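**Q** There's a structure below that I have some questions on.
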């Protein structure tokens, strides 16, 4: 019976590896397609704000794919997501600071 159990375990393990490899290949193909989309959008000569918006959207999707699958964050605990969300909030706040100070000079006091 132990040989049957070992054979079943080996088959399950091989199927599990095949599933993971298939997922990695799918993510790789998605990253390549998104890279082609980024290059294609750069060739359209869009206005700067549209080009930056599309580039950031594609970069966010690509970064999420890499973080979720290659860094194995898709199977992590909720604490990791809380830390990631806090980091994203601080990132958005830091990006918003120049916009707020440049648009109306709210924090800039001329001397």
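**Q** Per residue, how much space in cubic angstrom lies within the convex hull of the C-alpha atoms of the range 2-75?
**A** 65 Å³
**Q** Right, here's the next one. Would you please classify the overall shape of the range 44-94 from the alpha carbon gyration tensor, given that a ≥ b ≥ c denote the square roots of the eigenvalues, rounded means a/c under 1.5, and beyond that prolate means a/b larger than b/c while oblate covers the rest?
**A** oblate
**Q** Separate question: What order, most packed first, do the peptides 37-44, 93-100 have when packing is the mean number of other Cβ atoms within 10 Å of each residue?
**A** Descending mean neighbour count gives 37-44, 93-100.
Taken together, the values in this text are just the output of simple stated rules run on the coordinates, not laboratory data. Please read all numbers here as calculations on a predicted model, not as lab measurements. No Cβ is skipped: glycine too gets one built from the backbone with ideal geometry, and neighbour counts run over all protein chains shown.
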